[in-house]
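Notes follow the structure.
The values are calculated or read from the model by the stated rules, or taken from the named source; none is laboratory data. All values reported here derive from a predicted model rather than from experimental measurement. All Cβ positions, even for glycine, are placed from backbone atoms using ideal geometry, and neighbour counts span all protein chains on display. Areas reflect the complete protein model, heavy atoms only, side chains present, ligands, DNA and RNA absent. Shrake-Rupley method; radii C 1.70, N 1.55, O 1.52, S 1.80 Å.
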Amino acid sequence: MENHEKYSRSYFMPPVKSLKWTEKEYVTEAPIWCSVDLRDGNQALVVPMNLEEKLEYFQLLLKIGFKEIEVGFPASSETEYAFLRTLIEQDLIPDDVTIQVLTQSREHIIRKTFESLQGVNKAVVHLYNSTSVAQREQVFKKSKEEIIDIAVTGAKLLKKYADETEGNFQFQYSPESFTGTEIEFALDICNRVLDVWRPTANNKVIINLPATVSLSMPHVYASQIEYMSDHLNWRDNVILSLHPHNDRGTGVADAELGMLAGAQRVEGTLFGNGERTGNVDIVTLALNMFSHGVDPKLHFEHIPEIISVYERLTKMKVGERHPYGGELVFTAFSGSHQDAIAKGMKWLEEKKCEHWTVPYLLIDPMDIGREYEGDIIRINSQSGKGGIGYILEQKYGLDLPQQMRENFGYCVKNVSDHLHKELRPDEIYDIFITEYVNINAPVEFINYRYTQQDDFQTIVSIRANDNVMEFLGVGNGRLDAICNGLQNKLGITFTNLFYNEHALEIGSGSQAVTFIGITATDGTVYWGCGMDVDIMTCYVKALFSAVNKMLIGGNVS
């Protein structure tokens, strides 16, 4: 690709090897989660949320279980200020929830920030200033010591105004653009701030290390985090926090490896909303933990409802392939995948397995409010017998014999291919009914009666060509007698009678269903299905359905 020479690696490795995180296998416990949807997420929207929308979104975050929520930058606009005052004055912040506000290191902004917090029970006041080489040289045109002075001055002002304001305040500092900052300098500025605040076990400080712009592969960010964790002053009284962005598509990986490297807290948003490519997606992070058997301490049992509120308030869309939340993320169209999923679900049910191991499905979709019938197996021209049979069985209680599933599978795929569309479960069911069930043309079954002497003798009434007629059949059972009589009457031959039946339990009371397959002299197998409250009538209807398909050469429609 042209112009690749204009780019270089603009991150900084730690001065010493920092790879203890590689010895850990997975994240073993949930971090402290902080939602920044209402600040970082909201400022990235084409049309930011109004006050009423923000209040509703705040309630959504509470319902999910966030205990720390960044509510905005109150000194930046009247809308932000009014939102915070509404939360406080209307007593909308639960006792176990801490709000967070953002401020620059400027006295008039810090003063107004604390004014906005009057009457709050507790809050995190988040101080930041940018520290990267690019920001120092191009934007601020300041030396390292001048950048440190900005941070230290802000830290002192936070202490001053916190002492003058009623409430419980926790401090947070972020060296913005941390990933583009020399690691030794990032450590120095954080330690200088910590030395001002002097955190204690009862009043810990948050040091937040943002990947404001993601510049490296995730393992580099993890090593940077580990180095900072190992060398911060007052470490026992510091909560190490992450704030990854997704510029390189690695926000989730950055956060996961950062937690292995010592981070205790993560700032992010629902579905990764945020500036440019977005913040780290807390939904994905949390459910990744869930998939490893770790309680994420957030409630995503009703993902469709969360998505509905999220999309309505933000005017953003959750992509069809977005992990966990997307419409198609649990969906299999491929025949082999559908077959494996169907068999895995059956295995899980039969073996009563303790752990989820279904092929192709990372977690049980029902655990997050998704549905098996519409979310997992969907049918188009690429689908196979396993998925099609699974839908009929799960939704309509029809457990087709394996050989019949293949026959029906081709039928459904042909319809989908011809229509160039995905088929809904009800459309699949309608195809099955049309093609296989109680087919009464060209020969219609009316009734039968039988007597048993040495053999079963059965008299069957049929209608063909608008004429009602009867025939006698003899065999070693009622069905065998009808088969023999039918072949003699119609002058046809079939062999290898296969049949199976079961109760039709879903929505049909005591009705039974029977499947029959017959083999013509040319080797073609024809299938029929009968449904009736009487089991023997059910068999006869299935037989006539198969025979009628043989007479007309296959498809009914």
Per residue, how many Å² of accessible area does the chain show with a 1.4 Å probe? 47 Å²
Output needed: percent of Cα pairs per 5 Å distance bin for the range 216-309, bins running from 0 to the one holding the longest distance. 3, 13, 22, 22, 19, 13, 6, 2, 1
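Residue separation times 0.36 nm, minus the C-alpha to C-alpha distance between residue 334 and residue 497: what's the value? Please report the intermediate quantities before stating the final value.
Details: separation 163, 0.36 × 163 = 58.68 nm, distance 3.15 nm.
In short, 55.5 nm is gained.
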Difference of contour (0.36 nm per residue) and Cα-Cα distance, residue 201 to residue 357: 51.9 nm
Please give, to one decimal in nm, the separation of the simple spin-label points placed at residue 7 and residue 364, each 7 Å out from Cα toward the Cβ. 4.3 nm
Cubic angstrom per residue, convex hull over Cα atoms of the range 37-109: 99 Å³
Set the Förster distance to 45 Å, then compute FRET efficiency between residue 427 and residue 470 from the Cβ-Cβ distance, nearest 0.05. 0.70
Which ³J(HN,Hα) values, rounded to whole Hz and listed in residue order, are derived for the range 188-197 from phi using the Karplus coefficients 6.51, -1.76 and 1.60 in 6.51 cos²θ - 1.76 cosθ + 1.60 with θ = phi - 60°, glycine and proline given as x? 4, 5, 5, 5, 5, 5, 4, 5, 6, 7
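So how do 495-503, 103-111 stack up, highest first, on mean other-Cβ count within 10 Å? Could you put the intermediate results ahead of the total?
On the way: 495-503: 13.9, 103-111: 17.7.
Output ranking for 495-503, 103-111: 103-111, 495-503.
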Using alpha carbon centers only, the range 451-496 is separated from the range 291-311 by a whole-angstrom value of 60 Å
For the range 134-218: Kirkwood Rh in Å [reciprocal of mean 1/r, alpha carbons]: 14.0 Å
Looking at the range 1-90 from every direction and averaging, what is the projected area of its Cα convex hull in nm²? 11.6 nm²
Antiparallel content of DSSP bridges confined to the chain, in %, to 5: 50 percent
Take every DSSP beta bridge whose two residues both sit in the range 184-287, then give the antiparallel share in percent to the nearest 5. 15 percent
So for each of 162-168, 18-24, 65-71 I average, over its residues, the number of other beta carbons within 10 Å; can you give me the resulting order with the highest mean first? 65-71, 18-24, 162-168
Estimated dipole of the chain in Debye, rounded to 20 [Cβ of Lys and Arg +1, of Asp and Glu -1, Cα centre]: 860 debye
For the chain the translational diffusion coefficient, Stokes-Einstein from a Kirkwood Rh over Cα pairs at 10 °C and viscosity 1.306 mPa s, in µm²/s, is roughly 56 µm²/s
Take the alpha-carbon centre of the range 173-236, take the same for the range 258-281, and report the distance between them in whole Å. 16 Å
Across the range 167-214, what fraction of all alpha-carbon pairs, as a whole percent, falls in each successive 10 Å bin from zero upward? 26, 48, 22, 3
Need the full-extension length gain, residue 51 to residue 297, defined as separation in residues times 0.36 nm minus the C-alpha distance. One decimal, nm. 85.8 nm
Which FRET efficiency value, to the nearest 0.05, is calculated for residue 521 and residue 347 with the Förster distance at 41 angstrom and r the Cβ-Cβ distance? 0.55
Mind ranking 78-86, 205-213 by how tightly packed they are, going by the mean number of other C-beta atoms within 10 angstrom, highest first? 205-213, 78-86
In nm, to one decimal, how far is the modelled label at residue 78 from the one at residue 108, with both set 7 Å along Cα→Cβ? 1.7 nm
